[in-house]
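Beneath this line is the structure, given in structure tokens, with notes to follow.
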Amino acid sequence: MSLFQEHEQVVDWGRKGSQAVVTLACLFIVLTGLKIAAGVLVPVAYAFFLAVLSYPLVRWLRRHRVPAGLALGATMLVNLSVLAGLLTVGVRLLISFWADLPRYLRGLEQYSNDIGAWLELKGVEGAKTTMSGIFDWNTLVGYATQQDVMSNLTGFLGSTFGTLATVLASFIMTLIVMMFILMEARGTHSRLQAVNLSGGPDFTGLMRSADDIQKYLGVKTLISALTGLLAGFWCWFFDLHYPLLWALLAFLFNFIPAVGSTAASLPAIVEALVQHGPVTAVLVAIGYGGINFCLDNFVQPTMLGNRFGISPLVVILSVIFWGWLWGPLGMFLAVPLTMVLKVLLDNSAEFQWISVAMAKKKVRHGEVEVAGYDLHLNEGETIGSGASTEIPGQK
């Protein structure tokens with residue numbers, strides 16, 4: 001009898017299909033609810049992750065015998081100061097840059113026409129007309145001249161929240177929820193253990209996830225700050241007009257995995273092209289690429305280790321998914337939200353296989369492994385931290 005015959009079992013595909021249909025229907029309802037309730041859920045999600053990021057400061061102050069109320073107040077003051085400072089500097093720089101935007105658009109138009117003329121000299125017929133027709137430069141310049149930067153910023157945020165009044169209300173709600181989360185944070189482990197002993201679910205895995213997310217957000221904030229600092233210095237070195245704006249943009253967009261750093265580099269490259277020419281633009285692009293490559297591939301993995309094993313494909317798909325679900329602000333929380341979802345799936349016997357499929361794969365000594373899992377092949381053992389997708393010695 002072969003190995004496959006020994007493990008042969010009858011599968012009720014009709015029942016499996018019915019369960020799959022019901023699951024997909026429930027998933028559709030949940031996603032619809034998440035999208036409709038984005039105006040409430042997005043501020044709550046940001047409040048939770050900001051509280052997770054800020055809690056080490058509260059804990060440090062409490063360990064140094066600072067009263068609980070004063071520690072909470074100091075932490076909230078630090079958060080407000082940082083957010084207000086970033087917002088004030090960012091808006092002022094954006095207003096200044098928006099005034100110069102028509103000049104940069106005209107510079108791009110000139111380069112576009114020059115490229116078209118050069119292609120026609122090389123024998124490409126109609127190249128100049130084609131290059132001129134790629135963008136309606138007069139419309140773009142008119143739009144930049146007539147539109148106010150604040151209305152555009154409000155429109156950007158409005159894709160998730162709505163009007164300016166709703167944005168302000170959501171910001172206030174985020175701060176209030178974050179404050180109460182920080183107030184209730186101490187003793188959370190004991191409370192969840194009591195919930196479990198009282199017949200409730202086991203939140204042990206979710207609490208471990210909170211610790212991991214805290215480390216991820218802390219390291220990501222540090223890496224983003226370093227990215228912004230280096231990018232700003234690089235732009236200042238090449239005498240760009242807005243190095244502080246590009247530094248701030250690099251800091252913020254570095255929180256968006258995969259595409260954020262590339263998107264943050266484009267305005268600086270365009271300014272370098274219009275202001276100093278193609279050579280400087282290429283050097284600025286090389287500098288951005290080198291900064292992101294070194295920090296993302298050497299510094300960040302060293303600081304985070306192997307516990308955050310999410311497949312690169314899953315990271316990209318999560319950015320697309322959360323961006324579709326909650327707009328641009330959802331992209332910034334794509335990885336933390338996906339980490340929470342992965343932990344929830346990992347603690348579900350029925351859907352644990354999805355968590356395994358989401359894990360990062362690596363090759364070690366010729367064997368493909370899945371980070372964070374270990375498939376024990378002895379009878380009666382289950383998956384549990386570190387999985388190999390191939391059985392050693394079998395082909």
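Assorted remarks:
- Helices (runs of 4 or more DSSP H) enclosed by the range 244-330 - at least 2 residues per element that are within 13 Å of the chain's Cα centre (by Cα), in contact (Cβ under 8 Å) with a residue 24 or more places away in the chain and surrounded by 14 or more Cβ atoms within 10 Å (Cβ to Cβ): 260-276, 312-326
- Looking across the range 341-358, the residues that are within 16 Å of SER209 (Cα to Cα) and part of a loop (DSSP other than H, G, I, E, B) come down to ASN347, SER348.
- Test: residue in the range 46-66 that is open to solvent by 50 Å² or more (accessible area, probe 1.4 Å) and not in a helix (DSSP H, G or I): yes
- In the range 182-227, the residues that are surrounded by 14 or more Cβ atoms within 10 Å (Cβ to Cβ), free of Cβ contacts under 8 Å to residues at least 12 places away in the same chain and not polar (S, T, N, Q): PHE203
Matching residues to (1) modelled with pLDDT under 90; (2) farther than 25 Å from ASN297 by Cα:
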site	(1), (2)
THR163	yes, yes
LEU168	yes, yes
VAL177	no, yes
GLN193	yes, yes
GLY200	yes, yes
SER209	yes, no
LEU222	no, no
GLY228	no, no
CYS235	no, no
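- Taken over the range 1-26, the criterion of being at pLDDT below 85 and either among the hydrophobic types (A, V, I, L, M, F, W, C) or closer than 22 Å to PRO328 by Cβ (or both) is satisfied by MET1, LEU3, PHE4, VAL10, VAL11, TRP13, ALA20, VAL21, VAL22, LEU24.
The values are calculated or read from the model by the stated rules, or taken from the named source; none is laboratory data. This one's a predicted model, so the numbers in the text were calculated from it and none came from an experiment. Because the Cβ atoms are built from the backbone with ideal geometry, glycine has one as well, and the counts that use them run over all protein chains shown. When the accessible area is computed, the model is the full protein with side chains, heavy atoms only, and any ligands, DNA or RNA have been set aside. Shrake-Rupley method; radii C 1.70, N 1.55, O 1.52, S 1.80 Å.
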